[in-house]
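Colleague: Structure provided below as structure tokens; questions to follow.
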Amino acid sequence: MANTIHVDVVSAEESIFSGEAEFVVLPGEVGELGIYPQHTPLITRIRPGAVRITPAGGGEEHLIFVAGGILEVQPKVITVLADTAIRGADLDEAKANEALKKAEDARAKAQDKQEIAAVESELAMLAAQLAAIRKLRKR
């Protein structure tokens, strides 16, 4: 199929998605990226958020939460190397809300700049995860 691109989404633990797609949207470092087949080669960091994959031949869009990582785009292949990746169906809103409360408590108790930066990073990742959960729920 000439109008498809192969997509691989992997984390340190496992391969999350591998297949053909018509379109992919993901959170680039400076904004959301939309990628079609034959895209110009690109390597960039990605920030926490949702990767949305429109499968070849139609069907339901795949949603995968990534907690950051690296994106490599070639004309026929997209590779997402994620720090952490979770399939949309596996996202747990109650756990994410609980982790957010713990991180907010940790931020209130943080003393030095390094500790504050680490907690702020965790808060940003959790906020992105909750946004992905809400987006999935709207479907």
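Colleague: What number do you get for the chain when its Cα radius of gyration is normalised by 2.2 N^0.38 Å, N = residues?
Modeller: Expressed relative to 2.2 N^0.38 Å, the Cα Rg reads 1.12.
Colleague: If you don't mind, another one. Please compute the length gained on full extension between Gln114 and Gln74, using 0.36 nm multiplied by the number of residues separating them and subtracting their Cα-Cα distance.
Modeller: Between Gln114 and Gln74, full extension yields 10.8 nm more.
Colleague: Also, I was wondering about something else. Please list log₁₀ I(q)/I(0) at q = 0.21, 0.30, 0.31 Å⁻¹ for the stretch 92-138, using the Debye equation with identical point scatterers on the alpha-carbon positions.
Modeller: One equal scatterer on each Cα of the stretch 92-138 leads to -0.66, -1.03, -1.07.
Colleague: Give the cross-link partners of Lys76 among the aspartates and glutamates, using a straight C-alpha distance below 19 Å as the criterion and excluding same-chain residues fewer than 8 apart.
Modeller: Asp8, Glu20, Glu22
Colleague: For the stretch 82-88, what does the Karplus curve 6.51 cos²θ - 1.76 cosθ + 1.60, with θ = phi - 60°, yield as ³J(HN,Hα) per residue in whole Hz, taken in order and with x for Gly and Pro?
Modeller: Ordered by residue, 3J(HN,Hα) equals 9, 4, 9, 9, 9, 4, x Hz.
Colleague: Using the Cα centre as the reference, give the magnitude of the dipole from point charges on the C-beta atoms of the chain (Lys, Arg: +1; Asp, Glu: -1; all else neutral), rounded to the nearest 20 debye.
Modeller: Value, rounded to 20: 400 debye.
Colleague: Using Cα pairs under 8 angstrom and six or more residues apart, how large is the relative contact order of the stretch 92-138, in percent?
Modeller: 49 percent.
Colleague: Amide H of Val51: which non-local residues (sequence gap of 5 or more, or other chain) have their own amide H closer than 5 Å, using H built in the peptide plane?
Modeller: Residues meeting the criterion, in which the H sits 1.01 Å from N, are Ile64, Phe65, Val66.
Colleague: Using the number of other C-beta atoms within 10 angstrom as an exposure proxy, rank Leu71, Leu123 with the fewest first.
Modeller: If I rank by nearby Cβ atoms, fewest first, I get Leu123, Leu71.
Colleague: Hey, which aspartates and glutamates would be in cross-link range of Lys135, C-alpha to C-alpha under 18 Å, not counting anything within fewer than 8 residues on its own chain?
Modeller: By straight Cα distance, Lys135 reaches Glu32, Glu60, Glu61, Asp90, Asp92, Glu93.
Colleague: Compute the acute angle (0 to 90°) between the alpha-carbon long axis of helix 93-109 and the principal axis of greatest extent of the alpha-carbon atoms of the chain; round to the nearest 10°.
Modeller: Taking Cα atoms only, the helix is inclined about 40 degrees.
Colleague: Averaging sequence separations of C-alpha pairs under 8 Å and six or more residues apart, then dividing by the length of the chain, give the relative contact order as a whole percent.
Modeller: Value for the chain: 22 percent.
Computed from the coordinates by the stated procedures, all read-outs in this text should not be read as laboratory data. What you see is a predicted model, and the numbers here were worked out from it, not measured in a lab. Here the Cβ is made from the backbone with ideal geometry for all residues, glycine too, and neighbour counts use every protein chain on show.
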